[in-house]
Amino acid sequence: MSSRSHIRGLADAVLFLSVLLGIWELVYRLAIYPTYLFPSPAMVTSSLFSSISSGLLPIGILTSLTRLAIGYTISIILGATIGLAMVKSPYLGRTLRPFGVGIQSFPSIAWVSPAILWFGFNDYAMIFVTVMGALFSITLGTYDGIRNTSPTYINAARNMGAKGARLFFFVMLPAASPKIVSELRHGWSFAWRSLIGAEMIMATLGLGHLLMYGRELNDLSVVFAVMLAIFAVGQVVDRLLFENLQHRISKRWGLATEPIGL
Amino acid sequence: MSKLELRGITKYYETENGRLLALKNINLIVKDGEFVCVVGPSGCGKTTLLNIIAGLEKPQEGQVLLDGQQVNDTSPERLVVFQEGALFPWLTVLQNVEFGLKIAGVEREKRQEIARSYLEMMHLSKFESSYIHQLSTGMKQRVAIARGLAMDPQVLLMDEPFAALDAQTRDMLHAELQNIHAKTRKTVVFVTHNVRESACLADRVLVLTYRPASIKKEFPINFPRPRQIEDHFVVDTAKVIFAELKDEVERAVSEQLVK
């Protein structure tokens, strides 16, 4: 991406956010709703700063990110393993794929109940829900990506003498990489949503818990401040981890290159 | 001297509408250094024949022999240049050309040296760091040919490699291919549906029948090289070959229209 389109993207974003804040402030000043139901941007900002300086938000972010990192890592290891097993065994592929597609649209928050019974109100339960959120999109991404490798690539590689592990690592895996990376990105956003949901219900630290804490205090400005933090963490991780990676792959392969948005 | 020999190759596929006989009793001897073109109507089984020689598909009957030895599996000694190039989009041009040598365990410096020499032969040195999507169709096919030659195969199998090219690029590659063949004396089996192309390139042209494919007629072509596609003897020979091919093309078209 050129620096000119960077600047332009930034200008668009600033304009968009200013309009949004303007409307927000306007509705607040019209005083249609009581202040405790509709705080002003300034109130939310001051809540944001006070919860940062009190350490509430930093601890929440750190707790959630730690759980997320553990859960997501487990999802990747497990998802890649199951995906590869499905590639190896046509029986597993045939049976697990429709099952995986079904369970992918299943709300992972529903796993909170069994998780509490199995693990109790603790980190294990929340990590379990996070894993259930991300696992299947990573599994299916691995499986579909590798299985849809163009037969021409495989024939060409075999003809040049590649087989076994080298055929897999030098041809099938790189051929599947665009699909795998895009499913890793989806998996990450599923994991993030699942975790916040689980934290809201189980109420043991973390950003999800802070949302409920704000509600209990009847302090919507805290709730909004935490929501902003959830949004920001999601955006930052997505940009740092996935956008660059996906952009690099797209550029190399000659797929659509200009990312949409900021 | 016989380099490549096909003995009684028969291939069929089981389809929903019963058995489809693709190749019927194909016998062929290709001499060392010979350039053989196989022409036939689209869908007649030319690619299947090439895949069988390459060992990528197995015939139900018959054998493929290289230097008198029966071969069963696929191997870089019978290397295919695919119709669309089949280049790997995640690798650079140089890495694509090196790929087979890397698999063969050739050390990095040596294989880069070999790859660069063939890229130079194909006038692609400037593009060694490019990715595949950045190249034109003609350049892609030149990379594919360089990749094939870098493996130093016994037999080069070319599957309509110039079918997707515009006429000017194709003429240029015809000249380059003849040049390379003169230099390397590789044995080549070149599949095409373009009769003029076959008359321009080949020492011998084989005309295939339409479904099942068998060898209908052979045309030895002894004109001096390098040849050009508009040379009068190329045009005249192509007319004679096409007269033989015409019935098969008509059969192919009428059968495909009925379906």
Q) Using every alpha carbon pair in the protein assembly as shown, what percent of pairs falls into each 20 Å bin from 0 up to the bin containing the largest distance? A) 18, 38, 25, 16, 3
Q. Using θ = phi - 60° and the Karplus form 6.51 cos²θ - 1.76 cosθ + 1.60, what ³J(HN,Hα) does each residue of region B:168-181 get, whole Hz, x for Gly and Pro?
A. 5, 4, 4, 4, 5, 6, 4, 5, 5, 5, 5, 4, 5, 5
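Can you tell me what share of the DSSP beta bridges in chain B is antiparallel? A percent to the nearest 5 is fine. Could the numbers behind the result be given before it?
Working: 24 of 43 bridges.
Close to 55 percent.
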Q) Roughly how many Å is it from the Cα centre of region B:103-168 to that of region B:11-71, as a whole number? A) 25 Å
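Under a Cβ-only charge scheme (Lys and Arg +1, Asp and Glu -1), can you give me the dipole magnitude of region A:50-253 about the Cα centre, in debye to the nearest 20?
Using only the charged Cβ atoms, the result is roughly 1160 debye.
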Q) Check B:F190: other-chain or 5+ apart residues with amide H under 5 Å from its amide H, H built from backbone geometry? A) B:V36, B:C37, B:V38, B:M158
**Q.** chain A: calculated mean residue ellipticity at 222 nm from DSSP helix runs of at least 4, using -39500 (n - 2.57)
**A.** -26000 deg cm²/dmol
Q. Mind checking the dipole of region B:87-152: about its Cα centre, +1 per Lys or Arg Cβ, -1 per Asp or Glu Cβ, Debye to the nearest 20?
A. 160 debye
Q) What do you get when you divide the Cα radius of gyration of region A:50-253 by 2.2 N^0.38 Å, with N the number of residues? A) 1.19
(Q) How charged is the neighbourhood of B:V64? Take every other residue with its Cβ under 13 Å from the Cβ of B:V64, and add Lys/Arg as +1 and Asp/Glu as -1. (A) -1
(Q) Using Cα-Cα distances under 8 Å and only pairs 6 or more residues apart, what relative contact order does chain A have, in percent? (A) 25 percent
Q. Using only Cα atoms, what is the ratio of the radius of gyration of chain B to 2.2 N^0.38 Å?
A. 1.01
Q: Find the centroid of the Cα atoms in region A:186-262 and in region A:48-89, then give the distance between the two in whole Å.
A: 11 Å
Q: Could you please tell me the mean projected area of the C-alpha convex hull for region B:87-152, averaged over all directions and given in square nanometres to one decimal?
A: 3.8 nm²
Q: Name the lysines eligible as straight-distance cross-link partners of A:K163: C-alpha to C-alpha under 23 Å, and not fewer than 8 places from it in the same chain.
A: A:K88, A:K179, B:K58, B:K102, B:K110
Q. Between B:F233 and B:V253, what length in nm is gained on full extension when 0.36 nm per residue of separation is reduced by their alpha carbon distance?
A. 4.4 nm
Q: Output the antiparallel fraction of DSSP beta bridges having both residues in the protein assembly as shown, as a percent to the nearest 5.
A: 55 percent
Q | At q = 0.29, 0.30 Å⁻¹, base-10 log of I(q)/I(0) for region B:209-259 (Debye sum, equal scatterers on each alpha carbon) | A | -1.09, -1.13
(Q) Nearest 500 deg cm²/dmol is fine: what mean residue ellipticity at 222 nm does chain B get from its DSSP H runs of n ≥ 4 alone, each adding -39,500 (n - 2.57), divided by its residue count? (A) -12500 deg cm²/dmol
Q: Of the options A:S54, B:S198, A:A31, report the single residue whose Cα projects farthest towards the positive end of the charge dipole of the protein assembly as shown (beta-carbon charges: Lys, Arg +1; Asp, Glu -1).
A: B:S198
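FYI, it's all coordinate maths here, none of it is from the lab. Being a predicted model, the structure only gives us computed values, none of them experimental. Cβ sites come from the backbone with ideal geometry, for glycine too, and all protein chains shown count toward neighbours.
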